[in-house]
Amino acid sequence: MASTERILFVAWQDPKTREWIPVGRLTHANGTYLFQYTKGAKRSERFVPFGWMRALDTTYLSPTLFPLFANRLLPKSRPEFKDYIEWLGLTESKYDELEILARSGGIRETDTLEIFPCPMPDKDNRYVAYFFCHGLRYFSKEQQTRLKTLKVGERLRFLKDIQNSFDPTALMLRTQEPVSLMGYCPRYFSAEFSQLLEKAGPEDVSVTAERVNPDAPSELRLLCKIVAPWPRKFAPCSKGLFEPISKFTPDDSFERKKLLLTPHNQKAAKEKVGT
């Protein structure tokens, strides 16, 4: 089966330790959505599986986007939808559901989940990723004013926050001249960006302001873009807590498995395969 796979991860914040942990993995290929829990789901005894997907060692498949993700998409009927798409740096004629989730993080105020993409090499073998700066609401009025004057394409610099009690790999972003703090990189990217800086070299890693949205909520105010040469033997989001617990390899019985593994389709599965 030819693959056009895209990968998104679900990060969950432990309410006690405040640690962000990758607990789930969503892929979309050949018209099918596939969800697997990752080894991160077993890291904390406080983690609770999502909805009807209770078994951590099961692969879940569906022809439509799972409710966990679909409920994090802004309905097209909302009056602010057009502005929302522009804030994400997308256009109404060129976007899809997974791209919206990847850019926005699927953030909701009612829970502690965020969605982020696994970067893949582009056609020029570069590392390219988009992310929104975090923590802007905690910064001073002067810094908020400086943010509004940022220009698209303006270069930003990483700044390590090594005494951060919640994340020793935390990375802040600052402007060049005059120097002003602009926010934090998302925690689920900070360790990976640090590896990228080490492997590719700081001067070959470029971070720029992709969009400045002064009227957007703080979590969507500054969209950044990072570009770097893809280092040799660099495999992000592939080991440790990112590894899926269940093992599933599409084969000749893929359609049968798809029906049997999708609870919404179990009745149809029995009728189709005669079980």
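Viscosity 1.306 mPa s, temperature 10 °C: give me the Stokes-Einstein translational D for segment 121-234 in µm²/s, with Rh taken as the Kirkwood radius over C-alpha pairs.
110
Could you give the longest part of the chain that holds none of the chymotrypsin sites (Phe, Trp or Tyr not before Pro) found in DSSP loops with at most 14 neighbouring Cβ atoms within 10 Å?
Longest stretch, sites excluded: 167-275.
So if I restrict to the alpha-carbon atoms in the chain, what is the Rg, and what is Dmax, the biggest pairwise distance, in Å?
According to the Cα coordinates of the chain, Rg and Dmax are 19.8, 70 Å.
Can you spot the aspartates and glutamates whose alpha carbon is less than 13 Å from residue 39's alpha carbon? Ignore those fewer than 8 places along the same chain.
57, 243
Starting from the amide H of residue 246, placed 1.01 Å from N in the peptide plane, find each other amide H under 5 Å away whose residue is 5 or more places distant or on another chain.
When sequence neighbours closer than 5 places are left aside, the close amide H contacts are 37.
When all alpha-carbon pairs of segment 146-188 are counted, what percent fall beyond 12 Å?
Here the tail beyond 12 Å accounts for 60 percent of pairs.
I need the phi-derived Karplus couplings for segment 198-208: 6.51 cos²θ - 1.76 cosθ + 1.60, θ = phi - 60°, integer Hz, Gly and Pro marked x.
6, 7, 8, x, x, 6, 9, 9, 10, 10, 10
Counting only GluC sites (Glu not before Pro) that sit in a DSSP loop (anything but H, G, I, E, B) with at most 16 other Cβ atoms within 10 Å, what is the longest stretch of the chain containing none of them?
155-275
Among 197, 186, 11, which residue has its Cα furthest toward the positive end of the charge dipole of the chain, with +1 on Lys/Arg Cβ and -1 on Asp/Glu Cβ?
Farthest towards the positive pole: 11.
Tell me what the chain gives for mean residue ellipticity at 222 nm when only DSSP H runs of n ≥ 4 count, each as -39,500 (n - 2.57), the sum divided by the residue total, rounded to 500 deg cm²/dmol.
-5500 deg cm²/dmol
As a quick test, which of the pairs 148/225; 160/225; 16/141 have an alpha carbon distance above 25 angstrom in this structure?
Table pairs above 25 Å Cα-Cα are 16/141.
Tell me the Kirkwood hydrodynamic radius of segment 1-109 in angstroms, computed as one over the mean inverse distance between distinct C-alpha pairs.
By the Kirkwood definition, the hydrodynamic radius is 15.3 Å.
Compute the FRET efficiency between residue 126 and residue 16 as 1/(1 + (r/R0)^6), taking r as their Cβ-Cβ distance and R0 = 51 Å, and round to the nearest 0.05.
About 0.85, to the nearest 0.05.
Assigning unit charges at the beta carbon (Lys, Arg +1; Asp, Glu -1) and nothing else, what dipole magnitude in debye, to the nearest 20, does the chain show about its Cα centre?
Value, rounded to 20: 360 debye.
In the chain, which longest range has no trypsin sites (Lys or Arg not before Pro) that are both DSSP loop (not H, G, I, E or B) and surrounded by at most 16 other Cβ atoms within 10 Å?
No qualifying site falls inside 152-231, the longest such stretch.
Using a cut-off of under 15 Å, list every residue of segment 86-102 whose amide N is near the label point 7 Å from the Cα of residue 70 along the Cα-to-beta-carbon line.
Within reach of a label on residue 70, which here means backbone N under 15 Å from a point 7 Å along Cα→Cβ, segment 86-102 contributes 97-98.
Where a number appears in this text, it was derived from the coordinates with a stated rule and is not lab data. None of these values were measured; they are calculated from a predicted model. In this analysis, Cβ positions are derived from the backbone assuming ideal geometry, glycine residues included, and neighbour counts consider all displayed protein chains.
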